Amino acid sequence: MSAQQKPVPGDEVSFLNDVGGGLVLELLGRDQAKVRTNDGFELVYPIRELVLNARDPSRAVSDHHAQLRASDDRMADRIERDKGRGASVQNGGRAPKPVEDPGVMEVDLHLHKLVEDEGAMSDGEKLRFQLEFFERRLNTAIRERKKRVIVIHGVGEGILREEVRKALQFYEGVRFDDADPRRYGYGATAIEILHV
């Protein structure tokens, strides 16, 4: 909501991202307003999520303008979330995806990404499935002459991490260490494949 369209106590408003509306009771700082909803509840809303109901034509907001405002707010939220990663108004608030290095393979071992229903598996079956998947992907990376494999195992209790590292001890020509924590957090292992 722009400065000239800022609601004042007594204004009737509709909610931009919710069904319904209400009456502005008071402004709380510059960004929020206490609103008594049409259902009788007193709730605090960000002013940018309130649309003034048309009382006089100079303050009317069309559905089109409300949608444009919502779109602008979503883009501003994306820019704020991806600040420092290249998000801008010019690229629609979306940070450019990093260019993938063809010599690097990422293997995500989070179970929810590998199977549809993990609830039907015991803990031992889950671990065995993850390790077998890891070894298949590692063998593929070696065959395809990749230089690095990043294994995303998560932090958890550290069992999967330790099992992955135990398995790596049986492979000749690989070195491993923690992956870059700035990019992967503390739940990933970087494997360097030394091709001869």
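The values are calculated or read from the model by the stated rules, or taken from the named source; none is laboratory data. Since this is a predicted model, take the numbers as computed values, not measurements. Every residue, glycine among them, receives a Cβ derived from its backbone with ideal geometry; neighbour counts consider all protein chains shown.
Values as computed for the structure displayed
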read-out: Condition broken by Asp108, with the remaining ones in (1) modelled with pLDDT of 90 or more; (2) over 30 Å from Leu131 (Cα atoms) satisfied; value: (2)
read-out: Selection count, the range 154-172, where residues are under 25 Å from Glu144 (Cα atoms), in contact (Cβ under 8 Å) with a residue 24 or more places away in the chain and either aromatic (Phe, Trp, Tyr) or outside any helix (DSSP H, G or I) (or both); value: 1
read-out: Residue count, the range 135-153 (criterion: part of a strand (DSSP E or B) and among the polar types (S, T, N, Q)); value: 0
read-out: Subset of the range 166-196 (residues that are of a type outside the set (A, V, I, L, M, F, W, C) and over 28 Å from the mean Cα position of the chain (by Cα)); value: Lys166, Gln169, Tyr171, Glu172, Gly173, Arg175, Glu192, His195
read-out: Selection status of Val151, within 30 Å of Arg78 (Cβ to Cβ), under 24 Å from the mean Cα position of the chain (by Cα) and of a type in the set (A, V, I, L, M); value: yes
read-out: Subset tally (residues that are outside any helix (DSSP H, G or I), without any contact (Cβ under 8 Å) to a residue 24 or more places away in the chain and not small (Gly, Ala, Ser)) for the range 103-134; value: 4
